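Beneath this line is the structure, given in structure tokens, with notes to follow.
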Amino acid sequence: MSNLSRRKLIITGVTAAAGVAGLGVAARMAQKFGLVPPDHGGIYGLGETLTYASQRLLTKHSLAREFPRSYISKPPLANEMAPLNDAYKRLQAGGFADWRLSVDGMVDRPASFSLAQLKTYPSRSQITMIQCEEGWSYIAEWIGVPLSHVLNVMGVHPQARYVAYFSIEPGWWESIDMADALHPQTFLAYGMNGGELPVGNGGPLRLRLPRQLGYKSVKFITHMTVTDSLEKFGKGLGSAAPESGYAWYAGI
């Protein structure tokens, strides 16, 4: 059976189960096909599972809308943040020359990348909207290297399912599945609107994930781990977001 026909069959089954037999049956079908998010427990767990399974089946390869340059917000919003920690300030004082992104876990070649090294890889740009769960949004040009390129260079193990990523700010972390990690619009962004990425927008390095709400695009990232399970991270819910009442999967 082709991947397309198999996907249609699964979509039909999950949808029919949700409509006829209820969310419980649909959730069990999603589990059978490995489409259960890490925050599937709790009062909203069935809904989170159905949302994730449906969107992953229907939109796995879809693209976020990209805009013409005339749509870029002027000026782009830099949302309020608490004062950055001393470790960040020391790196900032040195022009971020010592900034490193370490990547480990289920890869053949764990590595630590400087900003200069990341900039030697083929760069891409996209003009996309960042949308916050609080209701604000803005459009900007994001410049960086596709995360898929870095992962391909490192050699991801075939059984890997997620990429967890961490900010220099303690307690600020997220994760995505491999479908989003390898998506062509998922960037390690180091530039914005033709210049360096401003501190207020996550500089010198953030993940840019235009197919999900803004809190998934973590700022100031310094570490990534490729893994087959998220149970050992935090409270096992997939990221800091569901620990604070938000959904792990925040697809738009």
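Numbers below:
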{"quantity": "Trypsin sites (Lys or Arg not before Pro) within region 150-252: DSSP coil, no more than 15 neighbouring Cβ in 10 Å", "calculated": "Lys232, Lys235"}
{"quantity": "Check: the chain dipole with +1 on Lys, Arg Cβ and -1 on Asp, Glu Cβ, in debye", "calculated": "700 debye"}
{"quantity": "Theoretical ellipticity at 222 nm over the chain - DSSP helices of four or more residues, -39500 (n - 2.57) apiece, nearest 500", "calculated": "-7500 deg cm²/dmol"}
{"quantity": "With DNA, RNA and ligands ignored, accessible area of Val153 (1.4 Å probe; Å², nearest 10)", "calculated": "60 Å²"}
{"quantity": "Nearest-10 value in Å² for the accessible area of Ser54, using the 1.4 Å probe", "calculated": "40 Å²"}
{"quantity": "For the chain, accessible area per residue (1.4 Å probe, heavy atoms of protein chains only), Å²", "calculated": "48 Å²"}
{"quantity": "Overall form of region 35-120 per C-alpha gyration tensor (a/c, 1.5; a/b vs b/c)", "calculated": "prolate"}
{"quantity": "DSSP loop chymotrypsin sites (Phe, Trp or Tyr not before Pro) with at most 14 other Cβ within 10 Å excluded, longest remaining stretch of the chain", "calculated": "137-252"}
{"quantity": "Reported label for calculated Cα Rg over 2.2 N^0.38 Å given (i) 0.97; (ii) 1.26; (iii) 1.03", "calculated": "(iii)"}
{"quantity": "Carbon + sulfur, % of accessible area of the chain - ligands and nucleic acids excluded, 1.4 Å", "calculated": "55 percent"}
{"quantity": "Residue among Gln126, Gln185, Gln117 with the largest mean-square fluctuation in a Gaussian network model of the chain, springs linking Cα atoms under 10 Å", "calculated": "Gln117"}
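The values are calculated or read from the model by the stated rules, or taken from the named source; none is laboratory data. This is a predicted model, so every value here is computed, not measured. Cβ atoms come from the backbone with ideal geometry, glycine included; neighbour counts cover every protein chain shown. For accessibility, only protein heavy atoms count, side chains too; no ligands or nucleic acids. Shrake-Rupley method; radii C 1.70, N 1.55, O 1.52, S 1.80 Å.
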